[in-house]
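This structure is in structure tokens; I'll ask about it shortly.
The values are calculated or read from the model by the stated rules, or taken from the named source; none is laboratory data. Because the structure is a prediction, the values reported are computed rather than measured. Here the Cβ is made from the backbone with ideal geometry for all residues, glycine too, and neighbour counts use every protein chain on show. Side chains included, ligands, DNA and RNA excluded: accessible areas come from the protein's heavy atoms. Shrake-Rupley method; radii C 1.70, N 1.55, O 1.52, S 1.80 Å.
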Amino acid sequence: MTFLGLEAEMLARIQFAFTVSFHFIFPAFSIGTASYVAVLNAIWLWKRDPAYLKLFEYWKTIFAVTFAMGVVSGIVMSYQFGTNWSAFSDKAGPVVGPLMSYEVLTAFFLEAGFLGIALFGRKRVGDTAHMVAVAMVAIGTLISATWITSANSWMHTPAGFSIDPNGVFVPEDWWQIVFNPSFPYRMTHTVLAAFLTTAFAVGSVGAWHLLKDRENRQARIMFSMAMWMAAIVTPIQIFVGDLHGLSTLEHQPAKIAAMEGHFDTYEDGAPLILFGIPDDAAETTHYAVEVPKLGSMILKHEWDGEIKGLKEWPRDQRPPALMPFITFRVMVGIGFLMLGTGLWSLWARWKRTLYETRWLHRAALIMGPSGFVAVLAGWYTTEVGRQPWTVYGHLRTADSLSPVSAPAVGASLLTFIVVYFIVFGTGVYYLLKLMRRPPTPLEDHELHLGPIRTAGITPGPSQDHPLGGHHGH
């Protein structure tokens, strides 16, 4: 039985991809924003410059809305492990379940415990305790990314387990499970991507307000900080991405073949295919525009390195090539656009025209959503490239599915699409509305930052009272 011509497995994959896509953009933003507001708060405490306090107040509201939408979308997504992927949960649950539970027990509790103080507690607990709370929220987001990335990485490069006679994955070595071969590269790549996503979003907001008023000091500060992040972190991210690619070539060579559009094996140096249309049925990449030998140089750092093509694997063990091929190029292309923007900002800074170069501001404004597009493109590349496996080399996607019918999955998918676009579309609209509001100078009454007494001002004892200053005769 099918739904709109699609089998239950494909519909369940589309549903998971759809819900994760909505979810992923919010943590990618909130991880970076949590660290950004922590830095703003620390600079305020150091310099006592009201402009940084105003920026903290400005961005903490945006962070709070983003964090809330990330939590809601994450909860909905997790239900699919039971509804659509119960076989995967049954077999891989002993490994993946604890990792996801650790994320709740450590990161989520840490974030939830300190979030209220970070958002509303400055005047009630004082600057030091408030800074600790803000830092704990930022650290919590990074711990959350650590556990989730570890679970996902294990599915790509499984280690530290055995499989019992029922096909259930049994943990043997938690150190190997948590710190599996791809985890260090994937974790670093993901966190840096979150920082760059936030940097270009912040830079876009700063550029928007600079285009409106180039003398707005808060806009200058956020634009400058964002461009520093772009200039410094983007080259590091490109380097980490190269290391991640070398790790993927070692552990998932079929994924690399799909990403590069290689169907044939090149024994004396593979070309770099810049553009083309991979065709799985014909086992070739049509209209390929390629640079000889450069593929081997990038992947193996030698001109004559051997690169395997997809024909080395049986058809039922190959990932589909078209989507990883396209999304990988989208991700890399955006990475180099980010690098160009960062270098342009360094040139403008050196020329002392960072706040006057209108075309740089326009470019930064256009680049605002680039981080979100890049992280989604990267996620599609790595997850589609893992097919046809959920646990690479051990558990196939077809064997991970719940016993559900295609119409049931299709109906829930359509419901998700309608509800998500209404709920999260409204949330994104509200975020954009917050960002359009210019950060204005603090009013005098907002500069009172010390703890306040909940009981107000207690008057001194009356002089006429027996316990006062006048005791009578």
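Give me the Kirkwood hydrodynamic radius of the range 300-435, using the inverse of the mean 1/r over all pairs of distinct Cα atoms, in Å to one decimal.
Kirkwood radius, the range 300-435: 19.5 Å.
Calculate, for the chain, the solvent-accessible area per residue in square angstrom, rolling a 1.4 angstrom probe over the heavy atoms of the protein chains.
48
From the alpha carbon gyration tensor of the range 144-196, can you work out the equivalent ellipsoid semi-axes (sqrt of 5 times each eigenvalue) and give them in Å, largest to smallest?
So the three semi-axes of the range 144-196 are 25, 9, 8 Å.
Now for a separate question. Ranked highest first by the average count of other Cβ atoms within 10 Å around their residues, in what order do 39-45, 259-265 fall?
Answer by packing, highest mean first, reads 259-265, 39-45.
A follow-up question, please. Keeping the other protein chains in place, figure out the carbon and sulfur percent of the accessible area of the chain, with a 1.4 Å probe.
C and S atoms contribute 67 percent here.
If DNA, RNA and ligands are ignored and the probe is 1.4 Å, what is the ranking of Tyr392, Tyr420 by accessible area, most exposed first?
Greatest to least solvent exposure: Tyr392, Tyr420.
Using only the alpha-carbon atoms of the chain, report the extent along each of the three principal axes, biggest first, to the nearest angstrom.
108, 59, 43
I would also like to ask the following. Only sites in a loop by DSSP and with at most 14 other Cβ atoms within 10 Å count here; which chymotrypsin sites (Phe, Trp or Tyr not before Pro) in the range 53-104 make the cut?
Taking the range 53-104 and a limit of 14 other Cβ atoms within 10 Å, the loop chymotrypsin sites (Phe, Trp or Tyr not before Pro) found are Tyr79.
At most 12 other Cβ atoms within 10 Å plus a DSSP loop assignment makes a site exposed; report the longest stretch of the chain without any exposed trypsin sites (Lys or Arg not before Pro).
Counting only loop sites that pass the neighbour cut-off, the longest clear stretch is 49-350.
If the chain between Glu283 and Leu339 were fully stretched, how many nm would it gain, using 0.36 nm times the residue separation less the Cα-Cα distance?
Full-extension gain reported as 16.7 nm.
Find how many whole Å separate the alpha carbon centroid of the range 342-404 from the alpha carbon centroid of the range 9-60.
Result: 15 Å between the Cα centres.
Among the aspartates and glutamates, select those whose C-alpha is under 15 Å from the C-alpha of Lys311, and discard any that sit fewer than 8 residues away in the same chain.
Correct list for Lys311: Glu260, Asp264, Glu267, Asp279, Asp280, Glu283.
Here is a further query. Please state the relative contact order of the range 27-112 as a whole percent: Cα pairs under 8 Å, 6+ residues apart?
Relative contact order, the range 27-112: 24 percent.
Moving on to the next point. Treating each Cα of the range 115-270 as an identical point scatterer and ignoring solvent, apply the Debye formula and state log10 I(q)/I(0) at q = 0.16 Å⁻¹.
One equal scatterer on each Cα of the range 115-270 leads to -1.07.
Determine which lysines satisfy two conditions relative to Lys433: a Cα distance under 17 Å, and not lying fewer than 8 residues away in the same chain.
Those lysines meeting the cut-off are Lys60, Lys212.
Note down the relative contact order for the chain as a percent, whole number, built from C-alpha pairs under 8 angstrom at least six residues apart.
21
So what's the net charge close to Gln317: Lys and Arg +1, Asp and Glu -1, counting the other residues with Cβ under 15 Å from its Cβ?
My count for the surroundings of Gln317 gives +2.
Could you work out, for the range 211-262, what percent of all Cα-Cα pairs fall into each 10 Å distance bin, beginning at 0 Å and stopping at the bin that holds the largest distance?
Bin by bin from 0 Å, the calculated values are 22, 26, 19, 17, 14, 2.
Could you pull out the GluC sites (Glu not before Pro) across the range 285-374 that fall in loop regions by DSSP (anything but H, G, I, E, B) with no more than 16 other Cβ atoms inside 10 Å?
Passing both the DSSP loop test and the Cβ count: Glu302, Glu306, Glu356.
For the range 76-134, what does the alpha-carbon gyration tensor say about shape, rounded, prolate or oblate, given a ≥ b ≥ c as the root eigenvalues, a/c under 1.5 as rounded, and a/b over b/c as prolate?
prolate
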